[in-house]
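Some notes on the structure that comes next.
Please treat every number below as a calculation from the coordinates, not as lab data. Since the structure is predicted, the reported quantities are computational estimates derived from the model, not experimental observations. Methodologically, a virtual Cβ is constructed for each residue, glycine included, from the backbone with ideal geometry; neighbour enumeration extends over all protein chains shown.
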Amino acid sequence: MSQRKRRPSASRPASTAGRDARARTAGSSAGARTDRSQSRRAPAGTGAGLVAEPKPSAARRALERASTPLLLRLQSLPPWLVPLIMLALALTGLLVQGPIGFAALAVVAIFLGWLALLSWPVLKPGARALRVLAVGVVAAAAVTQLLV
């Protein structure tokens, strides 16, 4: 089954015609498309049954503002680099005893805690518990390395 490419008509801009062609080849019809620029939530007070999100506190906004440059820097790195560094630090922390092992595991615990704090508002209770557990286990391992 062959599909013909439609040429953009004079009444439609070229960008719209290209988007329509891509939508048709993806198997969606023109009526089924949605505009992604519109919000998925109804405005507060419309009676749509949605719970309005609370405004973040000043401390939360300050944390997010302070974290933005570092997050942007991490995002610019290759996607495999940060997990590899965390794995290397975790292995170093587990295999080397004393202050070096403590420092390596402490860095991992602080990084995990920081990510947990940033993602906290969007996490479900089960995911929150797992994040707290992960940070606690790594922190306990760090203290154990310091005491041994």
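Using 0.36 nm per residue and subtracting the Cα-Cα separation, the extra length available between LEU84 and SER67 on full extension is 4.0 nm.
Under the simplified labelling scheme, the LEU117-VAL132 pair shows an inter-label distance of 1.7 nm, with each label point 7 Å from Cα along Cα→Cβ.
Sort 111-121, 76-86 for me by packing, meaning the mean count of neighbouring Cβ atoms within 10 Å per residue, highest on top.
Final packing ranking: 111-121, 76-86.
Compute for region 50-108: radius of gyration divided by Kirkwood radius, i.e. Rg/Rh, restricted to C-alpha atoms, rounded to two decimals. Taking Rh as the inverse mean 1/r over Cα pairs, Rg/Rh reads 1.19.
Rg then Dmax, both in Å and based on the Cα atoms of region 59-147: 14.1, 38.
Label zone (LEU77, point 7 Å along Cα-to-C-beta; backbone nitrogen cut-off 19 Å) within region 133-148: 135.
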